[in-house]
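One structure is given here, and the rest of the page talks about it.
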Amino acid sequence: MAHIPTSAARRALAAALLCGASLWLAACGDSGPGPGEMISSKSISAPTGVTASSANYLITYRIRGVAGDFRDEKAVVLIPGGTAPSGGYPVIAWGHGTTGDADICAPSASADLAQYGAYLNQYLAQGYAVVAPDYEGLGTPGGHPYLHVPSEGQAMVRAVQAAKAGFASLSSRWAAVGHSQGGQAALAAAEYAGLATGMSFVGTVAFAPASNVETIGDQLRAAADNPSAPIPDRIAAGTGAVGFGALILGGVQAVSPSFQFSSALGTAGAGLEDSVNTKCLNDVFADAQAAVTAAITSSNSLESVLKASWKTDPAVSAYLPLMEPGTKQLSAPTLLIQGTADTTVPATATQALLARMQGLGSTVTYSEKAGSTHSSIIVDGIVDALGFLATRFAATP
């Protein structure tokens with residue numbers, strides 16, 4: 001079902017009146033649909049692994065970007081089979097894990113939604129519609145503000161809002177679910193859920209959500225620069241510090257175009273800017289590993305790859321606080337699901353996030369899975385997630 005946009009004449013009149021009344025609005029000068037409106041939709045084949053959908057769409061919708069301007073972003077909408085329940089299919093906003101900063105890394109451009117297709121099929125089989133945004137700048141003009149909570153919140157909430165407006169079979173009730181970067185994005189959606197007026201947000205499930213990122217990076221760097229540790233362990237830690245650090249630098253550049261990415265890099269890391277801008281996660285980390293290996297074996301330090309002073313740049317120091325989820329009291333309950341064997345987002349990071357959220361008055365349940373890794377946690381925690389969602393949707397009219 002395609003969205004029918006408001007007429008151009010009515011939009012232009014509304015924009016003129018709005019800009020005349022409020023000098024502070026960044027929207028002045030923009031035209032066309034506003035945030036949360038669908039620009040277009042087209043039917044697509046079911047992603048690999050998705051067998052429980054009756055219809056699948058790629059939509060383009062509008063958000064307010066980090067620069068304050070209107071941005072057109074993409075999301076995949078999966079609608080389950082069978083007859084829609086009274087009020088429509090409840091909606092899951094899905095936040096994908098890190099794929100990279102480059103346009104080619106957009107999940108909507110992949111055959112299997114960045115390898116999450118079969119996993120999302122489980123939600124469809126339970127009667128949930130799935131709205132899966134790419135996030136700002138992935139596959140669309142402009143950079144990707146990696147791990148930027150306000151940007152992720154906009155992408156998630158506005159995608160659901162647009163999908164609801166465009167497809168009559170969808171309910172106004174929705175939840176946010178995500179893994180890794182997407183776990184952070186799900187928490188961001190909870191913070192910004194109020195943007196979707198007329199809709200009812202019921203809760204959040206965050207699998208190993210990215211949080212306390214700066215602390216994790218510092219710990220990885222310290223391990224990489226520890227001369228008494230085994231070389232393979234130092235290289236592994238350094239690859240994590242440099243790989244994720246480079247993706248964050250790409251995000252900083254997306255928010256602050258005048259920021260010089262190369263200023264944070266040493267001579268051995270000179271190729272990382274191009275890597276982040278043109279390659280996806282695995283290849284970025286392969287390039288990071290090569291640079292880190294060369295640096296540790298030659299100079300015994302990461303300094304020639306990623307400078308220790310990189311976080312002191314004003315653009316970076318302004319960006320880092322915006323990567324932290326769970327800094328506001330949430331209006332609906334949250335379930336955090338974490339594995340004890342996770343070396344990407346350690347359990348200690350999620351436990352610290354839990355304490356912060358509860359300290360702010362948010363209702364948060366924590367489920368820890370012994371032996372689960374960063375990748376296996378979404379499988380090991382699916383029963384908990386589905387049980388939580390069933391309870392939340394049943395409790396919310």
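Summary table below
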read-out	value
Unmet criterion (only one of (1) within 11 Å of the chain's Cα centre (by Cα); (2) buried (at least 22 other Cβ atoms within 10 Å of the Cβ); (3) not hydroxyl-bearing (Ser, Thr, Tyr)) for Pro150	(2)
Subset tally (residues that are small (Gly, Ala, Ser), in a loop (DSSP other than H, G, I, E, B), closer than 26 Å to Val242 by Cα and in contact (Cβ under 8 Å) with a residue 40 or more places away in the chain) for the range 82-109	3
Residue under evaluation Pro90, criteria (1) within 20 Å of Ala210 (Cβ to Cβ); (2) in contact with a Phe, Trp or Tyr (Cβ under 8 Å, 6 or more places away or on another chain); (3) surrounded by 23 or more Cβ atoms within 10 Å (Cβ to Cβ); (4) of a type outside the set (Gly, Ala, Ser), criterion not met	(1)
Number of the condition not met by Leu302 [criteria: (1) surrounded by 18 or more Cβ atoms within 10 Å (Cβ to Cβ); (2) within 21 Å of Pro230 (Cβ to Cβ); (3) outside the structural domain of Ile231 (by TED's automatic domain parsing)]	(3)
Selected residue [modelled with pLDDT of 95 or more, buried (at least 24 other Cβ atoms within 10 Å of the Cβ) and assigned to a strand (DSSP E or B)] from Ala132, Ala155	Ala132
Of residues in the range 242-273 being among the aliphatic types (A, V, I, L, M) and within 15 Å of Leu147 (Cα to Cα), the one surrounded by the fewest Cβ atoms within 10 Å (Cβ to Cβ)	Val255
Of the criteria (1) assigned by TED's automatic domain parsing to the domain that holds Ala237; (2) assigned to a loop (DSSP other than H, G, I, E, B); (3) under 22 Å from the mean Cα position of the chain (by Cα), which one Gln329 fails	(1)
Selection within the range 232-244 - closer than 20 Å to Ser299 by Cα and either of a type in the set (Lys, Arg) or under 19 Å from the mean Cα position of the chain (by Cα) (or both)	Arg234, Gly240, Gly243
Condition broken by Asp384, with the remaining ones in (1) of a type in the set (D, E, K, R); (2) surrounded by 18 or more Cβ atoms within 10 Å (Cβ to Cβ); (3) in a helix (DSSP H, G or I) satisfied	(2)
Failed condition for Thr350, given (1) loosely packed, with under 15 Cβ neighbours inside 10 Å; (2) not assigned by TED's automatic domain parsing to the domain that holds Ser228	(1)
Residue match in the range 210-231 (condition: of a type outside the set (Phe, Trp, Tyr), assigned to a strand (DSSP E or B) and buried (at least 22 other Cβ atoms within 10 Å of the Cβ))	no
Qualifying residue in the range 200-209 (condition: modelled with pLDDT of 95 or more, assigned to a helix (DSSP H, G or I) and either surrounded by fewer than 24 Cβ atoms within 10 Å (Cβ to Cβ) or not assigned by TED's automatic domain parsing to the domain that holds Ser375 (or both))	no
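The values are calculated or read from the model by the stated rules, or taken from the named source; none is laboratory data. These numbers were taken from a predicted model, which means no experiment stands behind them. Note: ideal-geometry Cβ built from the backbone for every residue, glycine included; neighbour counts use all protein chains shown.
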